[in-house]
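Quick note: the coordinates plus some simple rules give every number you see, no bench work behind them. A quick note: this is a predicted structure, and the numbers were derived from the prediction, not measured. So basically every Cβ, Gly included, is an ideal-geometry build from the backbone, and we count neighbours across all protein chains shown.
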Amino acid sequence: MGRILLKIRCSFLGRKSLLAPLVLVLAFFVTVNVPAQTNSDVLESVLAQIADLLSVAKYDEAVSLFERIPAPERDSSQMRLLKASVMTSAGKFSEARTIAEAISKSEPRNIEALFVLAAVESAAGRQRQQQTALENIIKIEPHNTEALISLGNISLMTRALRPAASYFHRVLTNEPENMDALLGLSRAFRMNTEWDAAEVLLNRAVELYPGTANVWNERARFHWGRGNMRLALADMENAKKLEPGDYWIALDMGSLLLEMDRKPDSLKEFNRAIAINPREYRAYAYTAGIKDDLGDSEGAERDYAILASLKPDYYFALEGLGLHKMRKGKWAEARDAFAEAYKQAPEEHLYALMTAINWMRAENVTAPRTYLYQVQSKVKRDTLEWYMFRLYYDLTARNYLGESDMILRLDREKDEALKARMLFYMAQYYEIRGNTNLAEKYYLQINELNKKAIPEWRLVDWILTDRKIKPF
């Protein structure tokens with residue numbers, strides 16, 4: 001007879017968020033009681049191989065190994081739930097749900113089945129169903145700590161602060177020193193701006209768990225929220241000392257330093273986060289922008305490219321990449337970047353206009369004619385954007401009759417941010433036509449409006465700098 005323990009983490013969250021449900025750790029204890037020593041050896045060997053594959057995130061291969069587990073162990077509830085957990089990690093949500101639901105139906109008091117079901121629903125983004133599974137657990141075990149804390153954190157995510165506080169209170173009634181409940185309740189108080197109550201709980205957590213990095217990190221966020229950057233940074237430093245290899249602490253420290261306008265120090269922290277986990281996309285979103293601000297265009301372009309590859313639907317990365325390609329005159333690459341950005345954000349029609357501008361330069365003025373016509377039909381008629389699209393569409397036919405009308409509309413525009421953006425596209429229009437002097441006139445007008453938040457601002461700034469044009 002053998003006794004085997006295999007732990008699987010069923011965490012399917014993008015980051016270790018302070019508002020995320022508690023990570024579900026399912027420990028399956030499989031008691032083997034078979035007459036043949038061979039079967040026991042095979043079972044232990046297969047489980048060990050599964051554990052090895054899970055450690056390197058080879059989930060599909062791990063799933064396939066379950067067929068090698070000898071009967072009758074393969075068909076036991078524990079082993080099927082273990083398989084369902086691995087399937088969830090492999091993204092096979094439907095299959096995993098079918099297994100967990102079947103076991104829960106035949107064994108309605110099987111807590112492990114409900115936890116697996118909750119993990120499946122969480123991974124599939126079905127929060128309501130996840131919550132139902134967890135609520136069913138506490139119907140069976142009213143004081144189940146993991147379920148209560150998970151429900152509390154789900155409530156925090158939806159800003160249901162009273163239910164959240166209630167769940168954490170229930171845990172603390174039985175376990176007054178439970179770290180997750182102390183932190184969870186402090187978040188509920190903090191989100192409700194009950195600062196003093198939150199601080200009492202956080203100080204208690206620090207007193208009880210001074211060796212736990214997350215406790216210091218949580219209190220740092222509290223001080224940060226209250227605007228006390230000095231105390232926040234001190235607590236963050238303690239968290240960093242305890243967990244120097246924690247990606248999220250490095251990301252938080254970088255964000256804090258950035259808010260303190262310490263960009264070089266902030267960049268070091270974000271780079272540290274990247275060194276810890278180069279496959280996680282968030283830090284690149286910061287490093288690219290900071291490098292732009294610090295004048296490291298090559299580094300910024302590289303980070304935008306990495307960010308776009310790691311998170312293809314993050315269209316701001318494609319925007320930044322497109323702007324850098326434009327600066328270098330790599331028109332086809334800029335066109336492709338903006339075209340992809342428009343696919344990811346089809347309501348941002350000016351990405352399509354950027355696509356057309358770079359297409360004209362990469363090939364010829366008439367190349368994007370059909371594309372412009374298709375996009376213009378999606379733009380609200382009689383808006384400044386619509387008239388700008390019409391101007392460019394006419395340009396593909398070498399028709400310049402709409403220029404005066406567009407200039408008059410720009411002169412009358414009261415929204416300065418929109419006006420600055422449209423002035424940029426007017427400048428590009430003249431660049432394409434070869435009238436550099438008029439284009440530069442509009443660049444200077446944009447500079448005078450000083451709308452640095454618009455996406456086109458950085459390119460205007462580069463153009464003026466590269467051409468050594470001094471603003472008024």
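Packing-based ranking of 136-147, 119-130, 399-410 yields 119-130, 136-147, 399-410, ordered from highest to lowest mean Cβ neighbour count within 10 Å. Extension gain, Arg327 to Leu444, is 40.4 nm, computed as 0.36 nm per intervening residue step minus the present C-alpha separation. The residue among Gly91, Met253, Phe389 whose Cα reaches farthest toward the positive pole of the charge dipole of the chain, with charges on the beta-carbon of Lys, Arg, Asp and Glu, is Phe389.
Which value, in debye to the nearest 20, gives the size of the charge dipole of segment 312-466 about its Cα centre, when Lys and Arg are +1 and Asp and Glu are -1 at the Cβ? Working shown, then result.
On the way: 23 positive and 23 negative charges, 40 e Å.
Using Cβ point charges on Lys, Arg, Asp and Glu, segment 312-466 gives about 200 debye.
Over the chain, what is the relative contact order in percent, taking alpha-carbon pairs closer than 8 angstrom and at least six residues apart? Once divided by the residue count of the chain, the mean separation gives 6 percent. Shape analysis of segment 140-228 places it in the oblate category; the axes a ≥ b ≥ c from the Cα gyration tensor give an a/c of at least 1.5, with a/b not above b/c.
Computed extension gain for Trp386 through Ala234, at 0.36 nm per residue and net of the alpha carbon distance, reaches 49.5 nm. Computed from Cα atoms, the angle from the helix 229-242 axis to the main principal axis of the chain rounds to 50 degrees. The calculated FRET efficiency for Leu294 paired with Val56, based on their beta-carbon distance and R0 = 30 Å, is about 0.25.
Rounded, prolate or oblate: which fits segment 145-196, taking a ≥ b ≥ c as square roots of the Cα gyration tensor eigenvalues, rounded meaning a/c under 1.5, else prolate when a/b beats b/c? Here segment 145-196 falls in the oblate category.
Computed over segment 264-320, relative contact order equals 27 percent, with contacts defined as Cα pairs under 8 Å that lie 6+ residues apart.
With the largest listed first and rounded to whole Å, the semi-axes of the equivalent ellipsoid of the chain from the Cα gyration tensor are 53, 29, 21.
Taking a straight Cα-Cα cut-off under 20 Å and skipping sequence neighbours fewer than 8 places away in the same chain, the aspartates and glutamates within cross-link reach of Lys441 are Glu403, Asp405, Asp411, Glu413, Asp415, Glu416, Glu431, Glu456, Asp461, Asp466.
When the helices of the chain are scored as -39500 (n - 2.57) per DSSP H run of n ≥ 4 and the total is divided over every residue, the value at 222 nm lands at -22000 deg cm²/dmol. Checking the cross-link pairs Lys291/Lys325; Lys241/Lys268; Lys378/Lys414; Lys291/Lys343 against a 18 Å limit on the alpha carbon distance flags Lys378/Lys414; Lys291/Lys343 as lying beyond it. A dipole drawn for the chain from +1 and -1 charges on Cβ atoms has a positive end, and of Pro471, Ala113, Leu148 the residue lying farthest that way is Pro471.
If you average the sequence gap of Cα pairs under 8 Å that are 6 or more apart and divide by the length of segment 312-466, what percent do you get for the contact order? Let's see the in-between values first.
Values: 171 pairs, mean separation 24.5, N = 155.
Contact order relative to length: 16 percent.
If you line up the long axis of helix 282-293 against the longest principal axis of the chain, both from Cα atoms, how many degrees apart are they, to the nearest 10? The angle comes out near 30 degrees.
For each of Asp415, Asp196, count neighbouring Cβ atoms within 10 Å of the residue's Cβ, then give the residues from fewest to most.
Sorted ascending by nearby Cβ count, the order is Asp196, Asp415.
Rounded to the nearest 20 debye, the dipole size of the chain about its Cα centre is 840 debye, using +1 on the Cβ of Lys and Arg and -1 on the Cβ of Asp and Glu.
How long are the three semi-axes of the equivalent ellipsoid for segment 312-466, computed from the Cα gyration tensor as the root of 5 times each eigenvalue, in whole Å, largest first?
20, 19, 16
Axis angle, to the nearest 10 degrees, between helix 403-412 and the longest C-alpha principal axis of the chain: 70 degrees.
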